[in-house]
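Enquirer: Have a look at the structure that comes next, please.
The values are calculated or read from the model by the stated rules, or taken from the named source; none is laboratory data. The shown structure was predicted, so the numbers you read here are calculated from the model rather than taken from an experiment. A quick note on method: Cβ atoms are made from the backbone with ideal geometry, for glycine too, and the neighbour counts reach across all protein chains shown. Accessible surface areas use protein heavy atoms only, side chains included; no ligands, DNA or RNA. Shrake-Rupley method; radii C 1.70, N 1.55, O 1.52, S 1.80 Å.
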Amino acid sequence: MSYRHLLAPLDLGYTTLRNRVVMGSMHTGMEDRFWNYAKLAAYFRERARGGVGLIITGGISPNREGWLLPFGGTLNSVFDLHNHRKLTEAVHAEGGKIALQILHAGRYGYQPMVVSASAVKSPISKFKPRALTEAGIARTVRDYARCARLAQRAGYDGIEIMGSEGYLLNQFLCPRTNLRTDGYGGSIENRMRIAREIVERVRAVCGSEFIVVYRLSLIDLVEGGNTWDETVLVAQALEAAGVTMFNTGIGWHEARVPTIVTSVPRAAFAPLSARLKAAVRVPVIVSNRINTPEVAERLLAEGAGDLVSMARPLLADPDFVVKAAEGRTHEINTCIACNQACLDHTFRNQRATCLVNPRAGRETELVYRPLAHAARSRTVAVIGAGPAGLSAATVAAARGHRVTLFDAGATIGGQFNLAMRVPGKEEFAETIRYFQSQLDRHGVDVRLQTRVDAPLLAASHYDDVIVATGIAPRRPAIPGIDGPNVLSYVDVLLGAPVGRTVAVIGAGGIGFDVSEFLLHRSGEPLPQSREAWLDEWGVDLDVTTRGGLKPVEPATPPRELWLLQRKAGKLGAGLGKTSGWVHRATLIRNGVRMLDGVSYLEIDPRGIRIARNGEEQWLEVETIVVCAGQESMRDLYPTAPATPAANGPRFHVIGGAALATELDAKRAIREGAELAARL
Ligand code: FAD
Ligand code: NAP
Ligand code: SF4
């Protein structure tokens, strides 16, 4: 595929973007601390070197009231210029362009100085905002303009005004949060006034040869959001005020509709960008769940937009564009939309990185240095081709070591082969495809269907042996656990017949995944169609109602499920901050009964007897599925590896084999990469 539309330059008259790929704004955490700007520059430099047309930075507040967190990143004085120039110089050195995102959090700020259109508290911050006075609005408009002018002086090619996702300008725009009765409230013309004044003022101070992207909410997905007709009025007014291009915003952060997690169909919201494109003359950037060059190219070819925004896909692979341009699409490390290392980190105030690419955000710290000519390449055996072993094998081979990778199974991928069978997690197959491409590229000797044991190891001569043998599912000692009505999650995901009534033991990530799997009607095509998904979540893509919400279609689950855990408290509390609520909402809608504080007493053909709050009861179910965590398999790892036999190999252990508790693919892949970088 040639990606003709995606790779076409965009001539804006005074400047040209080299292609249509926009790296959407991602808050990495590095922009908030001045001492991290060198690291941030390295992060952007790699993406610019990888061919991105336009990079948009993480959100920078125009003033202190607009901080998302206390002491967040700002650009409001000449003293900030030095840091920001590090970023713009790094990107320009690689032939890229960069725009600063100006983000005023409004009532989403998690700090006491928060302001908004009206004093309406948000459900996601404990701080109640103060309504801006008219003088406060005028000052805010000036602050935006000052920030934009400073951005221009710092060498940015433009700015993006964050007007969506429920932040300040979106708060002014919608009746949900704008209860004002002055000239900034009431009619849509009044509600959009602050946004129009900001764009006009920015244009006035920055001149006509400066990119001004406006990120406009095309569907708010909250009650009291705007209608499509209002959104078009806003877009046309902002275009007249001087916007260079519109970026697509989808849903407020407080919306109860998922917009970017794995289960959202790819490009689910693209029809909205297409409609905006038909209503304005300036270019439109299409966004949300676009993670492959094929999808991006198709959207542009179909006229859904003029550019494509991808944020997480460029965390996952900085060379996304170069690989597409060179016909190496199969080598792209695809973002699987898990949110585990990017958004979940951001929400925990940790630096954002990527589950499938642990170098993201750590470009200066985790370096895969090729072996120097004089260095002897080592012979390395990697036992286990799960995420940990694949990561170690591919990085070690890329650096120049001679690697042999063993797996007992018939395919590479380890537990990802099970994860990708869960409805909404089909993207996990992309990670296996990526690793296969790297094994091929770097000449790893792959030996499948080869179970390594101590004699096989003793007969071989490796410099290093990496034990990445993963885990075995835990089988709790419950009387009757060996009965024919008990299955492990592995059996279930591999297709074992399951009854109509089911109790799932264990409510960790896998308990939730298996429950979703069991609620799915076998025989239905995966992934789910966009229309079915929109009905399931009550999304009206025509946005004829305020916020684009419609009644949710009632669920017709094929099974009755109980999901059980021993500890007291909400089930799924340990799931990711940005994805756990989606899993919980899905199970609740499908009538799954979730019980905490459960003791498992016995299993027999009737079902399972449990005790809870001092009372015993039988759950009369046909099948019991065990998802009770896992235990490490590390028999091949010597008990005293610190004292290897003379001339024997150095042993290492990573991933689930090292520690099964709190294991996830993020840790497995990171440990593999870090070890291989050190070899
Ligand atoms: P494994 O994936 O278990 O791989 C070990 C490999 O070693 C296997 O292929 C095995 O065949 C091989 N092996 C074992 N012994 C030998 C031997 N003696 N010789 C040769 N080969 C051997 N994690 C997340 O982070 N996010 C998720 O959303 C997520 N979802 C999941 C959903 C499901 C349904 C499941 C089952 C897991 C999920 N996980 C998820 C967990 C994730 O898959 C694991 O954390 C990860 O696979 C662990 O990687 P690993 O390489 O350590 O072990
Ligand atoms: P897990 O998250 O550790 O959950 C194990 C569950 O089993 C818990 O509910 C635990 O709760 C229960 N349990 C533990 N020991 C038990 C015992 N002896 N008897 C009965 N119940 C027991 O592990 P997992 O669900 O197997 O997942 C494995 C890893 O994959 C996890 O680290 C997870 O992060 C990752 N994963 C992530 C996702 C995701 O969406 N991010 C999805 C799937 C998997 P109680 O002890 O309270 O009963
Ligand atoms: Fe994508 Fe997951 Fe990486 Fe985030 S952590 S960029 S969602 S693969």
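Enquirer: Place the peptides 441-451, 182-192, 621-631, 156-166 in order of packing, highest mean first, counting for every residue the other Cβ atoms within 10 Å and averaging per peptide.
Expert: Taking the mean over residues of other Cβ atoms within 10 Å, the ranking is 156-166, 621-631, 182-192, 441-451.
Enquirer: Give, as a single signed number, the net charge of other residues whose beta carbon lies under 10 Å from the beta carbon of residue 58, with Lys and Arg counted +1 and Asp and Glu -1.
Expert: Charge balance in the 10 Å sphere: -2.
Enquirer: Give me the accessible area of residue 520, 1.4 Å probe, in Å² rounded to the nearest 10.
Expert: 50
Enquirer: Counting only protein heavy atoms, what percent of the accessible surface of the stretch 10-347 is carbon or sulfur at a 1.4 Å probe? It would help to have the intermediate numbers written out before the result.
Expert: Values: 5460 of 10530 Å².
Within the stretch 10-347, the accessible surface is 52 percent carbon and sulfur.
Enquirer: Let me ask another. For the stretch 338-452, I need the span (max minus min coordinate) of the C-alpha atoms along each principal axis, in Å, sorted largest to smallest.
Expert: If we take the Cα atoms of the stretch 338-452, the spans are 44, 36, 21 Å.
Enquirer: For the stretch 579-679, take the convex hull of the Cα atoms, compute a quarter of its surface area, and give me that in nm², please. Before the final figure, lay out the partial values.
Expert: Numbers: hull surface 43.6 nm².
Orientation-averaged projected area of the Cα hull: 10.9 nm².
Enquirer: So, one more: Quick check: Cα centre of the stretch 1-15 to Cα centre of the stretch 647-679, how many Å?
Expert: Value for the Cα centre distance between the two parts: 42 Å.
Enquirer: What lysines sit close enough to residue 277 to cross-link, taking a C-alpha to C-alpha distance under 30 Å and skipping anything fewer than 8 places away on the same chain?
Expert: By straight Cα distance, residue 277 reaches 97, 323, 550.
Enquirer: Students sometimes get this wrong: rank 570, 277 by accessible area, probe 1.4 Å, all chains present, largest first.
Expert: Ranked list, largest accessible area first: 570, 277.
Enquirer: On a full-extension model of 0.36 nm per residue, what is the gain between residue 612 and residue 477, subtracting their alpha-carbon distance, rounded to one decimal in nm? Don't skip to the answer; put the middle values down first.
Expert: Values: separation 135, 0.36 × 135 = 48.60 nm, distance 1.83 nm.
Answer, rounded to one decimal: 46.8 nm.
Enquirer: Further question: Name the residue farthest towards the positive end of the dipole of the chain from the options 625, 181, 611, assuming +1 on Cβ of Lys and Arg, -1 on Cβ of Asp and Glu, about the Cα centre.
Expert: So the residue we want is 181.
Enquirer: May I ask you to rank 35, 562, 537 by accessible area, largest first, using a 1.4 Å probe over the protein chains only? Before the final figure, lay out the partial values.
Expert: On the way: 35 155, 562 45, 537 20 Å².
Ranking 35, 562, 537 by accessible area, largest first, yields 35, 562, 537.
Enquirer: What number do you get for the chain when its Cα radius of gyration is normalised by 2.2 N^0.38 Å, N = residues?
Expert: Numbers: Rg = 26.5 Å, N = 679, 2.2 N^0.38 = 26.2 Å.
Normalised Cα radius of gyration, the chain: 1.01.
Enquirer: How would 510, 98, 124, 471 line up by accessible area, probe 1.4 Å, largest first?
Expert: 124, 510, 471, 98
Enquirer: Can you list residues from other chains, or at least 5 along the same chain, whose modelled amide H is less than 5 Å from the amide H of residue 607?
Expert: Placed amide hydrogens put 621 under 5 Å from residue 607.
Enquirer: Okay, moving on. With only alpha-carbon atoms counted, please give the Rg and Dmax of the stretch 35-127, in Å.
Expert: When restricted to the Cα atoms of the stretch 35-127, Rg and Dmax are 15.4, 45 Å.
Enquirer: Using alpha carbons only, how many degrees (0 to 90, rounded to 10) separate the axis of helix 193-206 from the longest principal axis of the chain?
Expert: Result, in degrees: 80.
Enquirer: Normalise the Cα radius of gyration of the stretch 71-205 by 2.2 N^0.38 Å (N = residues in it) and let me know the number.
Expert: Dividing the Cα radius of gyration by 2.2 N^0.38 Å gives 1.11.
Enquirer: Once the whole set of protein chains is in place, how much accessible area is left on residue 666, using a 1.4 Å probe, in Å² to the nearest 10?
Expert: Rounded to the nearest 10, that gives 50 Å².
Enquirer: Quick one: in the stretch 474-616, what % of C-alpha pairs are over 21 Å apart?
Expert: Here the long-distance tail beyond 21 Å is 50 percent of all Cα pairs in the stretch 474-616.
Enquirer: Still on this model: Along its principal axes, what span do the Cα atoms of the stretch 193-284 show, with the longest given first and each in whole Å?
Expert: 43, 25, 21
Enquirer: Which whole-number percentage describes the relative contact order of the chain, with Cα contacts under 8 Å and a sequence gap of 6 or more?
Expert: 12
Enquirer: When the Cα centres of the stretch 420-461 and the stretch 335-374 are compared, how far apart do they sit, in Å?
Expert: The two parts, judged by their Cα centres, are 21 Å apart.
Enquirer: Taking amide H positions as placed in the peptide plane 1.01 Å from N, state which residues far from residue 247 in sequence (5 or more) or on other chains have amide H under 5 Å from it.
Expert: Distant-sequence amide H within range of residue 247: 214, 215, 216, 285.
Enquirer: On a 0 to 90 degree scale, rounded to 10, what angle separates helix 270-279 from the longest Cα axis of the chain?
Expert: Orientation of helix 270-279: about 10 degrees from the principal axis.
Enquirer: How large is Rg/Rh for the stretch 10-347, to two decimals, with Cα atoms and a Kirkwood Rh?
Expert: Value, to two decimals: 0.93.
Enquirer: Run the helix sum for the chain: -39,500 (n - 2.57) per DSSP H stretch of 4+ residues, divided by residue count, reported at 222 nm to the nearest 500 deg cm²/dmol.
Expert: Taken over the chain, the calculation gives -8500 deg cm²/dmol.
Enquirer: Can you tell which of 56, 442, 321 lies farthest toward the positive end of the dipole of the chain, using +1 and -1 charges on the Cβ of basic and acidic side chains (Lys, Arg; Asp, Glu)?
Expert: Most positive-ward Cα: 56.
Enquirer: Hey, another quick one. Under 16 Å from the Cα of residue 666, which lysines turn up, not counting those fewer than eight places away in the same chain?
Expert: Cross-link targets: 425, 577.
Enquirer: I need the per residue convex hull volume for the stretch 408-469, using only the alpha carbons, in cubic angstrom as a whole number.
Expert: Spelled out: Cα convex hull of the stretch 408-469, divided by residues, is 92 Å³.
Enquirer: Also: What list of ³J(HN,Hα) couplings, whole Hz, do you get for the stretch 564-576 from phi and the Karplus terms 6.51, -1.76, 1.60, once you set θ to phi - 60° and write x for glycine and proline?
Expert: Karplus-based 3J(HN,Hα) across the stretch 564-576 equals 10, 9, 7, 6, 7, x, 4, 6, x, 4, x, 6, x Hz.
Enquirer: Quote to one decimal, in nm, the extra length available between residue 367 and residue 126 on full extension: 0.36 nm per residue of separation minus the C-alpha distance between them.
Expert: 82.7 nm
Enquirer: Taking the dipole about the Cα centre of the stretch 10-347, with the C-beta of Lys and Arg at +1 and of Asp and Glu at -1, give me whichever of 216, 166, 240 is farthest to the positive side.
Expert: 166
Enquirer: Further question on the same structure: Would you mind checking the tilt of helix 428-441 against the longest principal axis of the Cα atoms of the chain, expressed as 0 to 90 degrees and rounded to 10?
Expert: 80
Enquirer: Could I have the simple spin-label model distance between residue 635 and residue 182, label points 7 Å from Cα toward Cβ, reported in nm to one decimal?
Expert: For residue 635 paired with residue 182, the spin-label model returns 7.5 nm.
Enquirer: Please compute the Kirkwood hydrodynamic radius over the stretch 375-440, one decimal place, Å, based on all pairs of different Cα atoms. It would help to have the intermediate numbers written out before the result.
Expert: Values: mean 1/r = 0.0811 Å⁻¹.
It is 12.3 Å.
Enquirer: A further question on this structure: Taking amide hydrogens as modeled 1.01 Å from N in the peptide plane, which residues meet the under 5 Å criterion relative to residue 539, leaving out close sequence neighbours?
Expert: Hits under the 5 Å cutoff: 550.
Enquirer: Quick one: grab the alpha carbon gyration tensor of the stretch 179-232, order the square roots of its eigenvalues as a ≥ b ≥ c, and give me rounded if a/c is under 1.5, else prolate or oblate depending on whether a/b is larger than b/c.
Expert: It comes out oblate by the Cα gyration axes.
Enquirer: Taking only the alpha-carbon positions of the stretch 152-244 and ignoring solvent, what does the Debye formula give for the base-10 log of I(q)/I(0) at q = 0.16 Å⁻¹?
Expert: -0.62
Enquirer: I'd like to check one number: the per residue accessible area of the chain, probe 1.4 Å, reported in Å² as a whole number. Don't skip to the end; give the middle numbers.
Expert: Details: 26720 Å² over 679 residues.
For the chain, the per-residue accessible area is 39 Å².
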